[in-house]
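Asks: My questions all concern the structure below.
The values are calculated or read from the model by the stated rules, or taken from the named source; none is laboratory data. None of the values given here were measured: they were computed from a predicted structure. Cβ placement follows ideal geometry from the backbone for every residue including glycine, while neighbour counts extend to all protein chains displayed. Protein only, heavy atoms only, side chains kept; ligands, DNA and RNA dropped before computing areas. Shrake-Rupley method; radii C 1.70, N 1.55, O 1.52, S 1.80 Å.
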Amino acid sequence: MDAEAVALASGATAVLDSARVVGTLDEALAGTVVAIGLSGRPREFAGRVLPIRAAADEALRHATHGDVALVFGTEMSGLSNAELARCGIVATIPADAAFGSLNLAAAVQVAAYELRVAATGGDVWRAPRFAPATTDEVEALFAHGTRTLTAMRFLNPRLPRRLLPRLRRLFARAKLEKAEVDILRGILARVDQLIERGQR
């Protein structure tokens with residue numbers, strides 16, 4: 001096994017272990033149910049042409065019946081017309097037309113990514129959820145904030161205008177967690193202490 005390939009595999013050596021090296025495209029495609037050729041260049045006699053995302057869906061559909069081949073050309077010139085003609089589907093990566101040529105490694109990565117998304121639905125990890133604040137806890141925070149803002153003379157209770165409704169809207173939109181309410185109450189308590197000291 002090639003040492004550089006092992007180093008670049010970043011632990012995915014199982015893929016390398018199962019890799020098969022052949023001498024011709026005919027040997028590579030033997031036994032496959034469909035071949036999908038990747039090309040960024042328009043070809044006059046190309047068959048069915050799909051963006052890589054749709055091609056990935058097609059690959060999964062055909063994979064239920066047997067092996068599917070993704071065919072990539074060389075770094076320098078890509079697939080020849082004859083090689084692409086062996087592929088039942090032509091897939092292309094919808095890149096910027098002015099910079100449409102991707103290097104081989106990048107094209108393989110994009111294709112592999114689209115296949116994985118097609119297979120898994122694009123599920124990702126999720127951040128942990130923490131206990132939400134209760135209505136009573138949010139209301140106590142609002143009352144505490146009103147007292148502190150009044151003591152700071154930032155809020156005039158006689159002329160509150162839109163400050164208090166906007167604070168309520170902010171709290172509702174934030175969907176505060178219990179720990180967050182506790183932090184805000186702690187900040188307000190510290191402000192209360194400083195105000196009290198300043199009034200002595």
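Asks: Could you check, for the stretch 44-56, whether at least one of its residues is of a type in the set (Val, Ile, Thr), under 25 Å from the mean Cα position of the chain (by Cα) and part of a helix (DSSP H, G or I)? Quick ask: steps written out before the conclusion?
Replies: Step one: list which residues in the stretch 44-56 are of a type in the set (Val, Ile, Thr), which gives 49, 52.
Filter again for under 25 Å from the mean Cα position of the chain (by Cα), leaving 52.
Then keep just the ones that are part of a helix (DSSP H, G or I); that gives 52.
The answer is yes; a qualifying residue exists.
Asks: Only one residue in Leu104, Leu159 is in contact with a strand residue (DSSP E or B) (Cβ under 8 Å, 6 or more places away or on another chain) and surrounded by fewer than 17 Cβ atoms within 10 Å (Cβ to Cβ). Which one? Step through it out loud before you land on a result.
Replies: On the way: Leu159 fails: in contact with a strand residue (DSSP E or B) (Cβ under 8 Å, 6 or more places away or on another chain).
After applying the criteria, what remains is Leu104.
Asks: A follow-up question, please. Quick one: Gln199 ticks every box in (1) surrounded by 15 or more Cβ atoms within 10 Å (Cβ to Cβ); (2) over 28 Å from Pro128 (Cβ atoms) except a single one, so which number is it?
Replies: Going through (1) surrounded by 15 or more Cβ atoms within 10 Å (Cβ to Cβ); (2) over 28 Å from Pro128 (Cβ atoms) one by one, Gln199 breaks only (1).
Asks: Applying the selection to the stretch 183-192, what residues are open to solvent by 90 Å² or more (accessible area, probe 1.4 Å) and not β-branched (Val, Ile, Thr)?
Replies: Let us first name the residues in the stretch 183-192 that are open to solvent by 90 Å² or more (accessible area, probe 1.4 Å), namely 183, 187, 190.
Arg190 - this is the single residue of the stretch 183-192 that is open to solvent by 90 Å² or more (accessible area, probe 1.4 Å) and not β-branched (Val, Ile, Thr).
Asks: Let me ask you something else. For the stretch 177-195, enumerate the residues that are of a type in the set (Lys, Arg) and more than 28 Å from Ala127 (Cβ to Cβ).
Replies: Arg190
Asks: Here's a follow-up. Looking at Thr64, Thr13, Thr74 in this structure, which one is surrounded by fewer than 16 Cβ atoms within 10 Å (Cβ to Cβ), touching a helix residue (DSSP H, G or I) at 6+ places or on another chain (Cβ under 9 Å), over 30 Å from Ala98 (Cβ atoms) and at pLDDT 85 or above? Don't jump to the end; show me each part of the working.
Replies: On the way: Thr64 fails: touching a helix residue (DSSP H, G or I) at 6+ places or on another chain (Cβ under 9 Å); Thr74 fails: over 30 Å from Ala98 (Cβ atoms).
Exactly one residue qualifies, and that residue is Thr13.
Asks: Here's something else I'd like to know. Restricting to the stretch 19-31, give me the number of residues that are open to solvent by 70 Å² or more (accessible area, probe 1.4 Å) and either part of a helix (DSSP H, G or I) or over 24 Å from Leu79 (Cα atoms) (or both).
Replies: Selection size over the stretch 19-31: 2.
Asks: OK, next. Looking at the stretch 117-144, which of its residues are farther than 19 Å from Glu180 by Cβ and surrounded by 12 or more Cβ atoms within 10 Å (Cβ to Cβ)? Step through it out loud before you land on a result.
Replies: Taking the stretch 117-144 as the starting set, the residues that turn out to be farther than 19 Å from Glu180 by Cβ are 117-125.
Of everything in the stretch 117-144, those that are farther than 19 Å from Glu180 by Cβ and surrounded by 12 or more Cβ atoms within 10 Å (Cβ to Cβ) turn out to be Val117, Ala118, Ala119.
Asks: Sticking with this one: Mind counting the residues in the stretch 42-59 that are free of Cβ contacts under 8 Å to residues at least 40 places away in the same chain and open to solvent by 70 Å² or more (accessible area, probe 1.4 Å)?
Replies: Of all residues in the stretch 42-59, those free of Cβ contacts under 8 Å to residues at least 40 places away in the same chain come to 42, 44, 54, 58.
Imposing the further condition that a residue be open to solvent by 70 Å² or more (accessible area, probe 1.4 Å) reduces the set to 42, 44.
Result for the stretch 42-59: 2.
Asks: Just name the residue that is farthest from the chain's Cα centre (by Cα) out of those in the stretch 173-193 that are closer than 18 Å to Thr134 by Cβ and without any contact (Cβ under 8 Å) to a residue 24 or more places away in the chain.
Replies: If we take residues in the stretch 173-193 being closer than 18 Å to Thr134 by Cβ and without any contact (Cβ under 8 Å) to a residue 24 or more places away in the chain, then Gly186 is farthest from the chain's Cα centre (by Cα).
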